[in-house]
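Remarks on the structure that follows.
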Amino acid sequence: DAKTTQPTSMDCAEGRAANLPCNHSTISGNEYVYWYRQIHSQGPQYIIHGLKNNETNEMASLIITEDRKSSTLILPHATLRDTAVYYCIVPYSGAGSYQLTFGKGTKLSVIP
Amino acid sequence: DSGVTQTPKHLITATGQRVTLRCSPRSGDLSVYWYQQSLDQGLQFLIQYYNGEERAKGNILERFSAQQFPDLHSELNLSSLELGDSALYFCASSVRGDNSPLHFGNGTRLTVT
């Protein structure tokens, strides 16, 4: 499965956009990029996923570079409740199985 | 609310004992996953089931076992418990066993004393 690299931590001012980068240089053509977040010991929460095109939903936007080697998750107006660990994942899918491998993620702190 | 229900929320037991954790997936989801999260290990994938069949195994110890029943709920059995098994155990479900988002429950916190 493709490995991802994320910064360990980031700060963002409340009300500003939070841009969380992720590198996945070994991603293959049919592999998706998924983003999840975990708020303090709660269950991880699915945010968004994409293959090639940029995606947007009610929570966030996902920008994937043309070469697909990196992506950015954008929270347009960060609130204190967005403080969490954000995980960028390229799932392993094959032989009927599907696995998400969580790395250390990016700890986002939204500051008042 | 993800729609995934895990019981119990907290469990305290002694070393050497056996416990069973239960998970009810979201309505319509066929695949169930179990993850373990301890302080020093992060989220570790344990096992995946799809429509009652085991699909993938991760870092699951031989002392641990799981199954998915015909009504699609799942149970994770942990036996001969050790102090190091203290952790949060999360269940997740997805519609299919492939590229569909996982929805996680709020976990069972297991404390082994």
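Only one entry in A:Thr65, A:Thr106, A:Thr56 is of a type in the set (Val, Ile, Thr) and touching a residue at least 24 places away in the same chain (Cβ under 8 Å), namely A:Thr106.
You will find that of A:Ile39, A:Ile48, the residue that is within 11 Å of chain B (Cβ to nearest Cβ) and surrounded by fewer than 18 Cβ atoms within 10 Å (Cβ to Cβ) is A:Ile39 and no other.
Taking chain A as the region of interest, the strands (runs of 3 or more DSSP E) fully inside it that hold 2 or more residues being among the aliphatic types (A, V, I, L, M) and in contact with a helix residue (DSSP H, G or I) (Cβ under 9 Å, 6 or more places away or on another chain) are A:106-111.
Pairs meeting the criteria (first residue in the stretch A:70-83 and free of Cβ contacts under 8 Å to residues at least 60 places away in the same chain and under 22 Å from A:His40 (Cβ atoms), second residue surrounded by fewer than 16 Cβ atoms within 10 Å (Cβ to Cβ) and of a type in the set (Ser, Thr, Tyr), beta carbons under 7 Å, at least 6 apart or on different chains) are A:Thr83/A:Ser109. The set of residues in the stretch A:14-31 that are of a type in the set (D, E, K, R) and at pLDDT 95 or above comprises A:Glu14, A:Arg16. All conditions but one from (1) under 13 Å from B:Pro101 (Cβ atoms); (2) touching a residue at least 24 places away in the same chain (Cβ under 8 Å) apply to A:Ser25; the one that does not is (1). A:Thr56 falls short on exactly one of the conditions (1) crowded, with 16+ Cβ neighbours inside 10 Å; (2) in contact with a Leu (Cβ under 9 Å, 6 or more places away or on another chain), and that condition is (1).
Looking only at residues of the stretch A:60-79 that are within 27 Å of A:Pro112 (Cβ to Cβ) and small (Gly, Ala, Ser), we find that the one that is surrounded by the fewest Cβ atoms within 10 Å (Cβ to Cβ) is A:Ser61.
The values are calculated or read from the model by the stated rules, or taken from the named source; none is laboratory data. The structure displayed is predicted, hence computed values, not measured ones. When we count neighbours, we look across all protein chains shown, and the Cβ atoms used for this are built from the backbone with ideal geometry, even at glycine.
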